[in-house]
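The structure under discussion appears below in the form of structure tokens.
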Amino acid sequence: MSVSDGLRDIPVDRLRPEDAAIELERLAAEIAAHDEAYYRNDDPSVSDAAYDALRQRNEAIEAKYPKLIRADSPSKRVGAAPAEGFAKVVHSVPMLSLANAFSRDDVADFLDRVRRFLNLPADEAVEVMAEPKIDGLSVTARYEKGRFVMAATRGDGREGENITENLRTLQDLPDRITAKDLLGGGVPDVLEVRGEVYMAKSDFLALNERQEAAGAKVFANPRNAAAGSLRQKDPAVTRARPLRVFFYSWGEVSDVTWKTQAEFNDRLVDWGFQANARARVCRSLDEIMAEYARTEADRAGLDYDIDGMVYKVNRLDWQERLGQVSRAPRWATAHKFAAEKATTVLEKITIQVGRTGTLTPVANLTPVTVGGVVVGRATLHNEDYIAGKDIREGDTVIVQRAGDVIPQVVEVVADKRPAGAVPFVMPDTCPECGSLAIREDGAAAKRCTGGLICPAQAVERLKHFVSRDAFDIEGLGARNIEAFWGEGWLTSPADIFDVDGLTAKLDGREGWKEKSIDNLRKAIEERRKIGLDRFIYALGIRQVGQATARLLARTYGSFTALKAAMAAAQDRDGEAYAELIDIDQIGPAVADDLLGFFAEDHNQDVLAALEAALDIQDMVAADTSNSPVAGKTVVFTGTLETMGRSEAKAKAESLGAKVSGSISAKTDYLVAGPGAGSKLKKAEELGVTVLTEDEWLELAGRT
Ligand code: IVH
């Protein structure tokens, strides 16, 4: 979609500086989005491995081009800023993250770095404490004079959420601590202990059963369940959830009386905290690797999820000398386990048809447990993936679950292939509607061309229409949509707003009582009024996600204006089309999908019906009457030093400026940072005012 897309595959050592800046910008935005999904919404959007790869690439580029390190660089940040709803707590000692190791070599490098930094003789042993890395949520708990006074989540490492009352409900958390004083030193007056809140696997399974029976939310995994349970506005809900906590480190402490990490663990136990009993001191790389292997072998049998090991230099005086680099201590590293795998039989390959017609092959497996979760289906991505690995029905395959993502078939066990297994052929027609399925140039997937006549696409679109970021109608989730669709009650989004018709059908149906019907009626009525951006997103136009929907809403302001513009822009040589593709981030490909959607007769009918049923709110522009840049068209290029590109754009837009991706005679200002290239040249040719970042900030009023 944008220029940066082509850069993501270029090895770091072949990136030119100007491309490196673009890549760093992309990585910052992408990692921030994943962080937001993971930390704030407890709903990871990529596998851990893919996430780690993004972070590693970011770090490698930064190591090569330290001048390009951005103010919003992911390497300076841990997690996501705190969510709203909880009071904020600034950590008096920041909560750090850990660097990652993935192999024996990486661990050896870690030990070498420690040695070099401390200037140790080659024969001096570096003791490390090796312990499981708990897959939960980091928290800090503060005790003053032995009394529990405050607890907070990690948040972005600097500032977290105050969860004192929620953590207080955990049985593992002592309210008062005293030292049995076997170790001397007593309890420090101020003691902040840090650790990981988690849910035991067995408790998680039981909780999900109860949730399911009650028709409540079922959690994807123990970590999500723990996160969802801990961050409850009402601590009584947290109390009812089986949460536990392991402590493993400390923050602010008035008097540190221990000399090693191992000694600290002993104290934790002495004070009455849970510390992980598997922690071991190792004295060599071989000992560390043996401990790693031992833990990995035991992993499935542990009653809590772990995703690796953590190694910490045991001696505190060494830890202090080693210090930290950006967000992680030099004295510790996390050694991740490989994704969990299992072997099973691929019984059949079926085809799933998505909202925009994409045909996705799905492996139907003999159910198998992968890391404690029963897996019966796994994605096969697309036909190239299947051909590349030569995956056939009847094959014995290796399935992998990395983090929370959908399980994948990673490999075929070649010598177990049954006689007569034939290569898989992607169908030429849609299995749901029989329309032709085609693969467009450059696309990885086949798509059904049936559009609105395809029932699979229609039902997926309806699900999207009511989903959380779209109409978000309470009580009308994916399951009900499917059921109502199956009954023939809903065929088009506008049917949802025929509330009388819909609720009359529900009357007397099993599972529907007067109260629940009434609630659904109210929930639908509440959503008749909808913001233009949400409305555009809800339409489910291909390539039009939330960000693009917001851009369109901001650009056109009202649905009437958008519709008129889309009609006018059908003429690819006209001004309306030029204006459309001039919107930053909307290129010809997105424009094609948009215009295709608005040109379709049936869509026009649906839009007319929706318009009649809804009150689509104009996008009200903020009051920018005092803004010197209101109404001006601005283009940013090169590296910005005080803020990220997306932040700069957002700021300019909030001041009423229009941000464009390309220079034209209509451009008012080009804000050019170091590394500006062709845009700068073009601006000079066209006589566009060129500003430095500082001059721009001056003009926009440094707020
Ligand atoms: S020690 C200075 N030990 O993993 C950092 N962390 O990916 C001290 N984690 O931020 C952290 N189990 O939230 C440590 N046994 C363990 C851990 C552990 C899980 C978490 C922790 C950390 C994150 C890094």
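Picking from residues in the range 122-158 that are among the basic types (Lys, Arg) and within 9 Å of the ligand (Cβ to nearest atom), the one that is modelled with the lowest pLDDT is 154. The residue pairs whose first member lies in the range 187-215 and is touching a residue at least 40 places away in the same chain (Cβ under 8 Å), whose second member is among the polar types (S, T, N, Q) and part of a helix (DSSP H, G or I), and whose beta carbons are closer than 9 Å, counting only pairs six or more residues apart or on different chains, are 197/229; 199/229. Taken together, the residues in the range 297-316 that are surrounded by 18 or more Cβ atoms within 10 Å (Cβ to Cβ) and not basic (Lys, Arg) amount to 10. Do you know which of the residues in the range 332-361 that are among the small types (Gly, Ala, Ser) and closer than 30 Å to residue 452 by Cα is nearest to the ligand (Cβ to nearest atom)? By that ranking, first place goes to 354.
Within the range 149-169, the set of residues being touching a Leu at 6+ places or on another chain (Cβ under 7 Å) and surrounded by fewer than 22 Cβ atoms within 10 Å (Cβ to Cβ) comprises just one member, 157.
Scanning the range 90-102 for residues that are within 16 Å of the ligand (Cβ to nearest atom) and of a type in the set (Val, Ile, Thr) turns up just one, 93.
Inspect the range 324-331 for any residue being surrounded by fewer than 18 Cβ atoms within 10 Å (Cβ to Cβ), assigned to a loop (DSSP other than H, G, I, E, B), within 13 Å of the ligand (Cβ to nearest atom) and in contact (Cβ under 8 Å) with a residue 60 or more places away in the chain and give the result as yes or no. Yes, the range 324-331 contains at least one residue that is surrounded by fewer than 18 Cβ atoms within 10 Å (Cβ to Cβ), assigned to a loop (DSSP other than H, G, I, E, B), within 13 Å of the ligand (Cβ to nearest atom) and in contact (Cβ under 8 Å) with a residue 60 or more places away in the chain.
Taking the range 183-231, which residues are part of a helix (DSSP H, G or I), of a type outside the set (A, V, I, L, M, F, W, C) and more than 15 Å from the ligand (Cβ to nearest atom)? Scanning the range 183-231 gives 201, 202, 203, 208, 209, 210, 211, 212, 224, 228, 229. Candidates are the residues of the range 620-675 that are hydrophobic (A, V, I, L, M, F, W, C) and surrounded by fewer than 16 Cβ atoms within 10 Å (Cβ to Cβ); the one that is modelled with the lowest pLDDT is 622.
Would you mind listing the strands (runs of 3 or more DSSP E) fully within the range 568-685 where at least 1 residues are over 34 Å from the mean Cα position of the chain (by Cα)? Output list reads 669-672.
Restricting the range 452-471 to residues that are at pLDDT below 90 and within 22 Å of the chain's Cα centre (by Cα), the residue that is surrounded by the most Cβ atoms within 10 Å (Cβ to Cβ) is 467. Pairs linking a residue in the range 344-367 that is acidic (Asp, Glu) to a residue that is surrounded by fewer than 16 Cβ atoms within 10 Å (Cβ to Cβ), with Cβ atoms under 7 Å and 6 or more positions apart or on different chains, are 347/364; 347/366. I'd like the full set of residues that are among the aromatic types (Phe, Trp, Tyr) and touching a strand residue (DSSP E or B) at 6+ places or on another chain (Cβ under 9 Å), limited to the range 303-330. Passing the criteria: 304, 311.
The values are calculated or read from the model by the stated rules, or taken from the named source; none is laboratory data. The structure displayed is predicted, hence computed values, not measured ones. No Cβ is skipped: glycine too gets one built from the backbone with ideal geometry, and neighbour counts run over all protein chains shown.
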